[in-house]
Each structure stands twice: as structure tokens, then as C-alpha cells.
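Reading through the C-alpha cells given below for one structure.
The values are calculated or read from the model by the stated rules, or taken from the named source; none is laboratory data. Owing to the predicted nature of the structure, the values given are computational and were not obtained by experimental measurement. Cβ atoms come from the backbone with ideal geometry, glycine included; neighbour counts cover every protein chain shown.
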Amino acid sequence: MTATELLKKDHQKALGLIGELEDAGHQVGTDPTYTDTFNHLNELLMMHAFIEEEVFYLEMKRYDESRDMVREFRKRRREFERSLSHLSTLAPNVEEFQETLTDLRESIERHIDEEESELFPLAEEFCGPQRLQEMGRRMEEMKYDSRAKATTIKRR
């Protein structure tokens, strides 16, 4: 799996988890399933940001055409982290959680659209299939490496 394929897969998984959490807004009382879903989303997004930063963005900042884009995506990542931190203090069936979740969804959708339509084509052009495959392999290894997970948790 190439780096861009792996990142797209994460994007779709994140949107799916957000959709599940949006359903919690219609629930009375707190369902532990939604807490598990939020924890899964939080872990997915933190690991996604970590591997994106350590492998994909590191590679893409080498090119003049993508350097500013990478800088902008890094800034926005901090917004995602603030939203996730705030969401972690709320129950999924609370209105404030759902409002923050809606804002997070909109930010993530904008990020996905820009990344997949602008940065990924540049990556495919500059890196080529073999390099993207190597990057994807490294990113997959990092996702499942317990040390990488521990580092991600410490960054929260």
C-alpha cells in the first residue's frame, strides 16, 4: 500500500467514526460504545498525524511546490488536537460535544479535500510509485509499533 493510499484509508475511517459519534447526539444517557468509538477516533487521528508528520510531510517539505502546503497542514493539526482534547472532556450525547464534533468534521473534510486533491498528486509526481510504496510500508510499521503509539500518547 502506498503512503497516499494508507492516508486515504485513514481519512475514510475517521469520517466513519465521526458518523458513528454523530448518532450519539440522539441518545438519552451515555452509551459506553460511543466512548470507545471516540477513543478509537482519537487514537486514529493522533497516529495519523504522527505518521503523516514523521514520514509523509517530512518527504513533501523537500519540494518547493509543497512546502507551504505542508506548513499550513501542520498548523491545522493543532486545531484538530485542541478539538479532540475538548471533546475528551464531554459526553457524546451532550449538545456541546456534537457542536464541536461538527466543527471537527468540517475541518477534517476540508483537510482531506485539500490534501487529496493538491498534495497527493504532487507526491505521486515527485516521489513516484516506488518511493510512495516505501513510505507506505514505513508508515504501516510505525502504526503498529508500540513505541510509536507510546510517543503519540505522550504528545497529547
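The residues of region 50-74 that are assigned to a helix (DSSP H, G or I) and among the aromatic types (Phe, Trp, Tyr), listed by number, are PHE50, PHE56, TYR57, PHE73. The residue that is surrounded by the fewest Cβ atoms within 10 Å (Cβ to Cβ), among those in region 75-94 that are part of a loop (DSSP other than H, G, I, E, B) and touching a residue at least 12 places away in the same chain (Cβ under 8 Å), is SER88.
When region 108-121 is examined, which residues are found to be surrounded by 15 or more Cβ atoms within 10 Å (Cβ to Cβ) and farther than 16 Å from PHE38 by Cβ? Give the steps one after another, and end with the answer.
Taking region 108-121 as the starting set, the residues that turn out to be surrounded by 15 or more Cβ atoms within 10 Å (Cβ to Cβ) are 108, 111-112, 114-115, 119-120.
Within region 108-121, HIS111, ILE112, GLU114, GLU115, LEU119, PHE120 meet the criteria.
Within region 9-19, is even one residue assigned to a helix (DSSP H, G or I), in contact with a Lys or Arg (Cβ under 7 Å, 6 or more places away or on another chain) and closer than 16 Å to GLU114 by Cα? Don't jump to the end; show me each part of the working.
First, the residues of region 9-19 that are assigned to a helix (DSSP H, G or I): 9-19.
Keeping just the survivors that are in contact with a Lys or Arg (Cβ under 7 Å, 6 or more places away or on another chain) gives 18.
From the residues that got through so far, the ones that are closer than 16 Å to GLU114 by Cα too are none.
Checked against the condition, which is being assigned to a helix (DSSP H, G or I), in contact with a Lys or Arg (Cβ under 7 Å, 6 or more places away or on another chain) and closer than 16 Å to GLU114 by Cα, region 9-19 yields no hits at all.
I'd like the full set of residues that are surrounded by fewer than 15 Cβ atoms within 10 Å (Cβ to Cβ) and modelled with pLDDT of 90 or more, limited to region 95-106. Steps first, answer last, please.
At the first step, the residues of region 95-106 found to be surrounded by fewer than 15 Cβ atoms within 10 Å (Cβ to Cβ) are 95-96, 99, 102-103, 106.
Within region 95-106, GLU96, GLU99, THR102, ASP103, GLU106 meet the criteria.
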